[in-house]
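I have placed the structure first, in the form of structure tokens, so that the comments after it can refer back to it.
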Amino acid sequence: MPPDEEGTGAPTAPEIQRRVLRYWEEHGVPDRAYGGTPDGPVFRFTEGPPGVNGPPHLGHTEPRTLKDVQLRYRRMRGARIVSAMGGWDCHGLPVELAIERKHGLKSHRDIESFGVERFCDECRATALTYADVWREMSRRQGFWLDYDHPYRTMDAPYIESVWWALKTLFDRGLLDKGHYVLPYCPRCETTLSSHEVAQGYREVSDPSVTVRFPLEGEERDLLAWTTTPWTLPANLLVVAHPDLEYSVVRTGDGRDVVLATQAVPRYFSGPVEVVARLPGADLAGRGYVPPFDAAGPGDGRYRVVLDDFVTAHEGTGLVHSAPSFGPDDYRIGAREKVGVFDPLDGRGVFGDAVPLVRGKPFKTADPILVADLAERGRLFRSETIRHTYPFCWRCDHALLYRAIDSWFVRTSRVTDALVRYNRASRWVPEYLRDGRFGNFLTEAKDWALSRSRYWGTPLPVWVCAKGHATCLGSFAELAQLSGAPLPADFDPHRVTVDRVVLSCPTCGGESRREPYTVDVWFDSGCAPFAQFHYPFEPGPFDPAAPLDFVSEAIDQTRGWYYTLLVIATMVFDRPAFRANLTCEFLLEETGRKMSKSRGRVLEPLELLDRIGGDPIRWLFLSQDFTAPIRAGEDTLEKSGHRTLGALRNVVAFHLENARADRLPPVLTAPTASNVLDRWLLSRLEGLRTASTGAHESFDPRPAAAAVREFVDDLSTWYLRRSRPRFWAAADRPERRAAHATLAFVLLELSRLLAPLLPFTAEWVWQEVGERGWSAADRSVHFAGWPTESAARDPALEAGMRELRDLVEVGRELRQRAEVRSRIPLAELVLFGPASPELAGLGTEGTALLAEELNVKRVVRASAESAAGYPESAWVVREDGGRPVAALPRRPSPELLEEGWAREVGRRLQQARKELGLRYLDPVAVTVSAPEPIARALRRRSTALATDLLADPFDVVETPLEPGPDIRRWDVDGVAFSARIVRRATGAAPG
RNA sequence: GGGCCCGUAGCUUAGUUUGGCUGGAGCACCCGGCUGAUAACCGGGAGGUCGUCGGUUCAAAUCCGACCGGGCCCA
């Protein structure tokens, strides 16, 4: 620190950060760091690629902190990181939606008349809009990944690797086409995967209608309940449970109704006339008149069938079934061979089959259909209910479930392997593995992979008129089968690829591409190998090796973690990763999820600048990130005050101290003899062990906790008690020892901090080390992880703990005796023999205790009783009836006088500080005090004059002339005053 | 509707696996002390229906059940 900044204290976290960033960037430190040691042991990692057509929020810094901690640790252990590439997820609906909004496009037809090629071009141009903001956020939080060479899921080589994976699945019979009921967004005109659906459930009001289904040739109506009247035109069956009991209830209007006995109270209050009771099985096969004559006749339609999925917990215990619009309906329809009838077009609009609502979107048809039923006497009851219903997570349009063609990854065929390979992974926190994630695996449904969209990896499947499907696994195959070479700048997106017509390898006929793109989650699941263009180019990807480590937030249990595992299992037949570290979400102060759509957002760039990357990293590391963390401005600003602030001040103290006397850096462990030095070195070794263990087990929490305790001990005990040694002359051995210990410990500490707090650690390393800020390879991040810092001495640590407990006891006694600490007392009495650990601290330990408590000596007394220590003269601390320690109630006159001198001296020092005087500014002092104090001051005037740099130092008993340079004090009822005048500078100090 | 996690002082939380001393700490607050590194530190104080109810037990924050509330996941 330059001399003119002497005494200004420690720099703030943002100041340190700016200094460190400047050093890193001037010397190209991160560029050299990313990949780790080129010939070191391989540590496999892949960054889960974020979509960056929108800005990040502060929550995104949480898992990135966790990733960075582990990667920094591995680099310091000499690992080669495969790979440290940043990555961007480029495809998918979020990007498409931005373009649709920009041009007011509302449907597939709109996009196609706009031009698919132009549409994709705009998507490509938009996909990385916020990449620079994400990069800047990474820079400011000290998140080291190589963003100069990121992988991008829209690049041709990446897509070719994805094709290779799809082809591998296809060849193994794990990728094929099916017709199933899937969630479908009529606005986006595509199917969605179940995890996308899960993001969009909302509470809404819907019609709740109970409809009469007249039984053929009977004066009875079946009652069936639905919240989706728009599915009634597609009704083909009514389903009953074979074992439920049904009642025929007389209604008085001439037509009896049939419903589950359990459901009767829901529909009738008071006594009802039950005409008959029968099991559901008896209803099987009876024909009924459908509510609308839309589907037309067909074998087996409009009759009652049986299935176990029916319950009587809600509705009537009879279920109206439209096989095109529900998974169970579809299954039953297929079993009963009644076919599928879907009156809606791709946008969810009714066609000619239902004239009543022709041209109406499905939801708006509800009231029209219900009114018509009522008019025809088919409506038994009509109400409105609140329930949850799925909406499109991106465009907010109501979804529907419908039977539709789709390509599937047959994950359900490899459930056992998924479970087995998941069990081979370590999860932090552990319970996620077999809990949330494991449960999901055992129920794994086939993965609906295809999307009827435009901006994505095109499904590389071509089908000929005879239905022969050909899956391509490379661009070379495409060129070969199409009979034409590909252009040098071939871009494998829609239009380009759609234009290619192949000749079917089976029959030679014309083969056209299936007009789908692939779920973006398949793209990102391929990242571990597609980032290297595997298997088309040589690279470090090893098909047999799982990743060593991944880390993301909790939402990825159903997202990226899942697709990584599916692809690792199906393509490479191995686990996806060895270890996984998962954090919960960062919540707003109110406990709600961070979201741009709701009110005020904590803006990450601004916060990282104003508060600093390290304090924000510390917020995540010092709390339990496996639970949701709530953060507001306040929390953020306070984060790191305690530990980081204390540490910065210890370093500032050290620097001031070392530089004042030009003491050298200390690079190797000093041989310590002083008990405090030995203790601190032992604590340092404890910290090193704890940190190493934590990082090796992929959980940084214990490392952060150990750092907090260590810094606390360093600041509030080691430094506090070592201060007299630091103030000794520069050539004194005790000063040298204290300096050597603190210098070494800080340097070593900075290496242990480097993974957690990269900026602070760098600052400490550069400032305390030997050649500050000088070259790229001088960064703490290249300094390696310490192997052994010093010798561990558990007995010494235990003894010191005991001693510090005794300090607390002593303070309590002083408080009770009402004798302030500055006034020395004759002795501290400890009862009973010292424990071996405490005794092990020897006379140094006793001296520490005496100095800290300002007593002249520490003596031991028999543990039996405090009989010799009457209450009139002693305060005694007892524990469980046995005496522990005792202190005299009053000081002797001599001690009192000594205390007063110290009191006055301290006040004068305080005054110097308040007057803005520097350490070496000489002053002239006149003190006025009443007799006993004046005498005490005169006796010690030489020492006081030296301490205060005062010449002359006069003591008078007469009052001082009033004036602006007079200070007055009143301590315990005794008044004294002083005049302190700064002398002309240039005079020799001391 | 089902699953997972959670509920302890105004706030942040330890303790719950394996029941056992007076439920421990930090921030904030009040009183006092200490301080020429510190946004600190030290002593004392005040602040707790350990979400609610019931059960098991000599003994429950801890184990069991039900319920209430929050978050996430699934439907």
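The values are calculated or read from the model by the stated rules, or taken from the named source; none is laboratory data. Remember, it's a predicted structure, so these values are computed and weren't measured experimentally. Here the Cβ is made from the backbone with ideal geometry for all residues, glycine too, and neighbour counts use every protein chain on show. Note: areas computed on protein heavy atoms with side chains; ligands, DNA, RNA excluded. Shrake-Rupley method; radii C 1.70, N 1.55, O 1.52, S 1.80 Å.
May I ask you to say which residue of A:Arg890, A:Arg814, A:Arg907, A:Arg912 is out of contact with any helix residue (DSSP H, G or I) (no Cβ under 9 Å at 6 or more places or on another chain), under 30 Å from A:Arg968 (Cβ atoms), surrounded by 14 or more Cβ atoms within 10 Å (Cβ to Cβ) and of a type in the set (D, E, K, R)?
A:Arg907
When you look at A:Ala761, is it open to solvent by less than 10 Å² (accessible area, probe 1.4 Å) and away from RNA strand B (no atom under 16 Å from the Cβ), yes or no?
yes
Checking A:Ser412 against (1) open to solvent by less than 20 Å² (accessible area, probe 1.4 Å); (2) within 16 Å of RNA strand B (Cβ to nearest atom), which test does it fail?
(1)
Per-residue answers, yes or no, for (1) modelled with pLDDT under 90; (2) within 16 Å of RNA strand B (Cβ to nearest atom); (3) not hydrophobic (A, V, I, L, M, F, W, C):
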| position | (1), (2), (3) |
| --- | --- |
| A:Ala444 | yes, yes, no |
| A:Ala488 | yes, no, no |
| A:His493 | no, no, yes |
| A:Val497 | no, no, no |
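In segment A:312-323, is there at least one residue being assigned to a helix (DSSP H, G or I), modelled with pLDDT of 90 or more and within 47 Å of the chain's Cα centre (by Cα)?
yes
Evaluate the following for A:Val666: is it crowded, with 22+ Cβ neighbours inside 10 Å and more than 30 Å from A:Asn580 (Cα to Cα)?
When the stated conditions are applied, A:Val666 passes them.
Residues that are without any contact (Cβ under 8 Å) to a residue 40 or more places away in the chain and under 28 Å from A:Ala950 (Cα atoms): list the helices (runs of 4 or more DSSP H) wholly contained in segment A:811-928 that include at least 3 such residues.
A:893-914
For residues that are open to solvent by 20 Å² or more (accessible area, probe 1.4 Å), within 14 Å of RNA strand B (Cβ to nearest atom) and in contact (Cβ under 8 Å) with a residue 40 or more places away in the chain, tally how many sit in segment A:792-808.
Qualifying residue count, segment A:792-808: 2.
Only one of these is touching a Leu at 6+ places or on another chain (Cβ under 8 Å) and closer than 22 Å to A:Phe391 by Cα: A:Val248, A:Val181, A:Val197. Name it.
A:Val197
Being under 22 Å from A:Arg140 (Cα atoms) and open to solvent by less than 20 Å² (accessible area, probe 1.4 Å) narrows it down to one residue among A:His781, A:His739; which is it?
A:His781
Quick one: which strands (runs of 3 or more DSSP E) sit completely within segment A:428-521 and have at least 3 residues that are surrounded by 18 or more Cβ atoms within 10 Å (Cβ to Cβ)?
A:461-464
For segment A:623-640, give me the residue count where each residue is of a type in the set (Val, Ile, Thr) and outside any strand (DSSP E or B).
The total comes to 2.
Condition (residue is within 9 Å of RNA strand B (Cβ to nearest atom) and of a type in the set (A, V, I, L, M, F, W, C)) applied to segment A:724-739: is it met by at least one residue?
Yes, there is a match, as at least one residue in segment A:724-739 is within 9 Å of RNA strand B (Cβ to nearest atom) and of a type in the set (A, V, I, L, M, F, W, C).
Could you tell me which of the residues A:Glu709, A:Glu637, A:Glu685 is open to solvent by 30 Å² or more (accessible area, probe 1.4 Å) and more than 9 Å from RNA strand B (Cβ to nearest atom)?
One residue alone meets the criteria, A:Glu709.
Does A:Asp446 satisfy the condition of being touching a Phe, Trp or Tyr at 6+ places or on another chain (Cβ under 8 Å) and acidic (Asp, Glu)?
yes
Give segment A:509-542 a look and list any residue that's among the hydrophobic types (A, V, I, L, M, F, W, C) and in contact with a strand residue (DSSP E or B) (Cβ under 8 Å, 6 or more places away or on another chain), or say none.
A:Val518, A:Val520, A:Phe522, A:Ala527, A:Ala530, A:Phe541
For a quick check of your reading: which strands (runs of 3 or more DSSP E) sit entirely within segment A:113-219 and have at least 2 residues that are among the hydrophobic types (A, V, I, L, M, F, W, C)?
A:175-185, A:201-214
Does A:Glu767 qualify as being within 16 Å of RNA strand B (Cβ to nearest atom) and either assigned to a helix (DSSP H, G or I) or open to solvent by 60 Å² or more (accessible area, probe 1.4 Å) (or both)?
Yes; evaluated as a whole, the condition is true for this residue.
Any residue in segment A:492-504 that is hydroxyl-bearing (Ser, Thr, Tyr) sitting within a Cβ distance under 8 Å of a residue that is surrounded by 20 or more Cβ atoms within 10 Å (Cβ to Cβ)? List the pairs, counting only those 6 or more apart or interchain.
Correct list of pairs: A:Ser503/A:Ser511.
Being open to solvent by 40 Å² or more (accessible area, probe 1.4 Å), away from RNA strand B (no atom under 16 Å from the Cβ), more than 23 Å from the chain's Cα centre (by Cα) and more than 21 Å from A:Asp548 (Cα to Cα) narrows it down to one of A:His27, A:His91, so name that one.
Going through A:His27, A:His91 in turn, the sole match is A:His27.
Could you run through segment A:957-968 and say how many residues are open to solvent by 40 Å² or more (accessible area, probe 1.4 Å) and in a strand (DSSP E or B)?
Result for segment A:957-968: 2.
Against the definition (outside any strand (DSSP E or B), of a type in the set (Lys, Arg) and more than 52 Å from the chain's Cα centre (by Cα)), how does A:Arg804 come out, yes or no?
No.
Can A:Pro157 be described as surrounded by fewer than 22 Cβ atoms within 10 Å (Cβ to Cβ) and in contact with a His (Cβ under 6 Å, 6 or more places away or on another chain)?
When the stated conditions are applied, A:Pro157 passes them.
Among what's in segment A:335-353 and is farther than 18 Å from A:Pro290 by Cβ and not in a loop (DSSP other than H, G, I, E, B), pick the residue that is most open to solvent (accessible area, probe 1.4 Å).
A:Arg335
For A:Gly59, state whether it is more than 23 Å from A:Arg77 (Cα to Cα), of a type outside the set (Val, Ile, Thr) and either within 16 Å of RNA strand B (Cβ to nearest atom) or touching a helix residue (DSSP H, G or I) at 6+ places or on another chain (Cβ under 8 Å) (or both).
Criteria met by A:Gly59.
Tally time: how many residues in segment A:364-388 are surrounded by 17 or more Cβ atoms within 10 Å (Cβ to Cβ) and not in a loop (DSSP other than H, G, I, E, B)?
Selection size over segment A:364-388: 8.
Looking only at segment A:641-657, decide whether some residue is within 11 Å of RNA strand B (Cβ to nearest atom), free of Cβ contacts under 8 Å to residues at least 40 places away in the same chain, assigned to a helix (DSSP H, G or I) and over 25 Å from A:Trp785 (Cα atoms).
Yes, segment A:641-657 contains at least one residue that is within 11 Å of RNA strand B (Cβ to nearest atom), free of Cβ contacts under 8 Å to residues at least 40 places away in the same chain, assigned to a helix (DSSP H, G or I) and over 25 Å from A:Trp785 (Cα atoms).
So, in segment A:939-950, how many residues would count as being surrounded by fewer than 16 Cβ atoms within 10 Å (Cβ to Cβ) and either farther than 28 Å from A:Leu895 by Cβ or more than 16 Å from RNA strand B (Cβ to nearest atom) (or both)?
Result for segment A:939-950: 2.
Which of the residues spanning segment A:587-634 are of a type in the set (Ser, Thr, Tyr), at pLDDT below 70 and open to solvent by less than 40 Å² (accessible area, probe 1.4 Å)?
A:Ser595
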